[in-house]
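**Q** Would you mind keeping the following structure in view while I ask a few things?
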Amino acid sequence: MIFSPIPSAANLLATATPAGEDPASTFIRLLTVFLLAMWVGFEVITKVPQRLHTPLTSGSNAISGVTVVG
């Protein structure tokens with residue numbers, strides 16, 4: 001089997017569905033969480049002042065670089 005870092009939607013639904021729960025309701029629940037996370041993330045990012053944007057971005061890029069190297 002070839003390892004894929006990106007799971008398929010069927011695998012996500014299979015692992016996220018508790019026994020006895022309808023797959024359609026699980027999909028709606030996961031979609032709701034995803035959309036709420038997008039909305040909260042957008043609201044938080046738009047509230048960052050312009051002066052802080054560049055230092056925060058460079059800091060997060062440095063953390064990502066350390067993660068990739070490590």
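**Q** Working out 0.36 nm times the residue gap between Met38 and Glu21, then minus their Cα-Cα distance, what length gain in nm do you get to one decimal?
**A** In short, 3.6 nm is gained.
**Q** Expressed in whole Å with the largest first, what are the equivalent ellipsoid semi-axes of the range 25-70 derived from the C-alpha gyration tensor as the square root of 5 times each eigenvalue?
**A** 28, 18, 4
**Q** Moving on. Round to the nearest 0.05 the FRET efficiency obtained for Leu31 and Ala62 when R0 = 25 Å and r is the Cβ-Cβ distance.
**A** 0.15
**Q** While we're on this one: If ligands, DNA and RNA are left out, what is the accessible area of Leu35 with a 1.4 Å probe, given in Å² to the nearest 10?
**A** About 90 Å², rounded to the nearest 10.
The values are calculated or read from the model by the stated rules, or taken from the named source; none is laboratory data. Bear in mind that the values here come from a model prediction, so they are computed numbers and not experimental data. Heads up, the Cβs are rebuilt from the backbone with ideal geometry, glycines too, and the neighbour counts pull from every protein chain shown. SASA here: full protein model, heavy atoms, side chains in, ligands and nucleic acids out. Shrake-Rupley method; radii C 1.70, N 1.55, O 1.52, S 1.80 Å.
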